[in-house]
Amino acid sequence: MRTPGTYLRSIGVHLPPVVTIETAVAEGRYPADEAEYFRLVGAAVAGDVPAPELGLRAARQAFERSGGLSPPGLDLMLYCDVWHQGPEGWEPQYYLQQHLVGGDVPAIELRQGCCGLFNALQLTAGYLRPGGTALLVGADNHGTPLVDRWRMIEGTVMGDAGCALIVTTDTGFAELRSVNVTVLPEAEAVNDGGVPMFPPDATVGRPLDFAARNREFRKRLLNGDGAQVMLAIQTTMMELVDRTLKEAEITLDDVARVAFPHVRWDDVEHRGVNWFGLTLADTTWEYGARIGHLGVSDQFVALDHLLASGALAPGDHMLLIGFGAGTTLACAVLRILDIPPEYASGGPD
């Protein structure tokens, strides 16, 4: 989807303190024999700060960086998440309306796995009219009894964060050149673990263990046509990236950096960068290994980091790639127009 006249005005990030892998190993939370192979450094851990509060803090920072935009002036707010946000039957986006934007802004929660913010960008680009402004928020706190953030996904640890994007149709520091999200319904069973759909997991206290679910799916893969499903995922991802680059009127040679989800390095390398003739050094994986997989926010928190560390310059293109349960695949291209003043000093953080 081409997205002419769509800009990122500002980014807000609230990243809680990092708990190191060394600490997790010492406390018996992470196996010492895996630490060296998976190269993980730590995970951002929010403690008992609710996910909507993380999102609210990020949104406030985004407005502070927006050059004078006002929350009540929004035309749309989309709130994205992957994990439980608060009391059942309660909507997290209304927390931000209560404490930031007011009640006249259409506010919608989106759940499309870890690709939620990509989908929010796509919907926003189609919704906004000239002069319009949208707030996109992603927030998750995985530190709940039904999740073991250190062992839920093999080779990956779960971090917590709030991230907010202000999107406008007039000007910004980056132009959204293209964004695409697609779903492979035939792959919806990849993450279901073979457990009953009813009653839902959370209502019976069943933990979320993607490592066990992936092992279970591999058994089904060997006993059925799962290989075709995995091939379809790879083929579709390559086609999606190719289409997004063509819509942005660039090639991979024009891309300065690539942001993948903050998952295990060998998956990123063997099922991601190698397909496109890239290396891990071309990606934001090393930064992701320091903070963990943040649910919906990985690629956009990484963008904030690249700007803060001086790794992007005006004229650079950035490719963002997403994978999510569903199976959902996403891709976007940004062109950096300017470095906002809050990042002007550059240098490593």
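The values are calculated or read from the model by the stated rules, or taken from the named source; none is laboratory data. Only a predicted model underlies this, so the values are computations on that prediction, with no experimental measurement involved. Using ideal geometry, Cβ is built from the backbone for each residue, glycine included, and neighbour counts are taken over all protein chains shown. Heavy atoms of the whole protein, side chains included, go into the accessibility calculation; ligands, DNA and RNA do not. Shrake-Rupley method; radii C 1.70, N 1.55, O 1.52, S 1.80 Å.
A few remarks follow.
- Candidate set: the stretch 284-318, residues that are more than 22 Å from Asn119 (Cβ to Cβ) and among the charged types (D, E, K, R); chosen: the one least open to solvent (accessible area, probe 1.4 Å): Asp316
- Residues (of a type in the set (A, V, I, L, M), in contact with a Ser or Thr (Cβ under 8 Å, 6 or more places away or on another chain) and not in a strand (DSSP E or B)) located in the stretch 154-194: Leu184, Ala187, Val190
- Scanning the stretch 261-276 for residues that are open to solvent by 30 Å² or more (accessible area, probe 1.4 Å) and modelled with pLDDT of 85 or more yields Val263, Arg264, Asp267, Glu269.
This table checks each residue for (1) closer than 26 Å to Tyr30 by Cα; (2) free of Cβ contacts under 8 Å to residues at least 40 places away in the same chain; (3) open to solvent by less than 10 Å² (accessible area, probe 1.4 Å); (4) under 19 Å from the mean Cα position of the chain (by Cα).
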| position | (1), (2), (3), (4) |
| --- | --- |
| Ala161 | yes, no, yes, yes |
| Asp170 | no, no, no, no |
| Arg177 | no, no, no, yes |
| Gly193 | yes, yes, no, no |
| Pro196 | no, yes, no, no |
| Phe210 | yes, no, no, yes |
| Phe217 | yes, yes, no, no |
| Glu239 | no, yes, no, no |
| Ala248 | no, no, yes, no |
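- Test set (1) open to solvent by 10 Å² or more (accessible area, probe 1.4 Å); (2) part of a loop (DSSP other than H, G, I, E, B); (3) of a type in the set (A, V, I, L, M, F, W, C) - Ala281 fails condition number: (2)
- Applying the criterion of at least 2 residues that are at pLDDT 95 or above, open to solvent by 70 Å² or more (accessible area, probe 1.4 Å) and more than 27 Å from Ile339 (Cβ to Cβ) to the helices (runs of 4 or more DSSP H) found wholly in the stretch 14-123 leaves 21-26.
- For Val258, the conditions (1) open to solvent by 10 Å² or more (accessible area, probe 1.4 Å); (2) among the β-branched types (Val, Ile, Thr); (3) under 15 Å from Met318 (Cβ atoms) are fulfilled apart from (1).
- Ile11 satisfies every condition listed in (1) more than 19 Å from Glu109 (Cβ to Cβ); (2) open to solvent by 10 Å² or more (accessible area, probe 1.4 Å) except (2).
- Residues located in the stretch 1-13, provided they are outside any loop (DSSP other than H, G, I, E, B) and small (Gly, Ala, Ser): Ser10, Gly12
- Test: residue in the stretch 288-298 that is among the acidic types (Asp, Glu), modelled with pLDDT of 90 or more, within 22 Å of Cys163 (Cβ to Cβ) and more than 13 Å from the chain's Cα centre (by Cα): no
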